[in-house]
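The structure under discussion appears below in the form of structure tokens.
Read-outs: derived from the displayed coordinates by stated rules, not from any lab. Not measured: the values here are computed from a predicted model. Here Cβ is always computed from backbone atoms with ideal geometry, including for glycine, and neighbour counts include all displayed protein chains.
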Amino acid sequence: MTINYSNTSHPDYNALKALYDSANGDNWTHKWDLNSPISNWHGVRLENNRVVELWLSDNNIVGTIPTEISELSEIKILDISLNELSGIIPDELFNLTNLTHLVIGANKLSGEISPNISALSNLKEISLNKNQLTGVIPVELGALTNLTSLNLSENLLTGEIPGELGSLTKLGLLYLWGNQLT
């Protein structure tokens, strides 16, 4: 397959290609034509030639979230929910400090929610529901003062609900059911 040079020189190409390769892109419901401009790829929204939104919900994505995701430094909305992603949420994802919406629910992600999630101070929405996440809810979530929606339901989370969540004064939606919380 010949790759269009304009894509390979695009600042976000490596991250998008890593996602495509690590998550079985050739079998996606809406596959990307790697020879067409990135602006034509399904679910990709650009501003100033940078990816600012990635909408890939319910797209038959099977595989893992690559560490190269951190190269999408201008992204604000990441929605890869309703797929078959597995493995852990890579710490590199928490370098995406422009994120306002992190929607990765209804996958098969495992491991613990990293305290490093607190680096995403612009987040308004976190949806990690319907995965296989374990451990406790990190108290560091209480530092995300812009949160309006937090959905951690239907995981394998244990322990107490952190009191720090009470400091989230903008929070209108909080879903924690379907866990083993006390």
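Net charge of the neighbourhood of Asn129, taken over other residues with C-beta under 15 Å away and scored Lys/Arg +1, Asp/Glu -1, is -2. Counting only DSSP beta bridges with both residues in segment 42-182, the antiparallel share comes to about 15 percent. Entry note, the chain: the mean residue ellipticity at 222 nm calculated from DSSP H runs of n ≥ 4, each adding -39500 (n - 2.57), is -2000 deg cm²/dmol after division by the residues and rounding to the nearest 500. For the chain, relative contact order (Cα pairs under 8 Å, six or more residues apart, normalised by length) works out to 13 percent. Give me log10 I(q)/I(0) at q = 0.12, 0.13 Å⁻¹ for segment 4-134, Debye formula, one equal scatterer per alpha-carbon, no solvent. Result of the Debye calculation: -0.41, -0.48.
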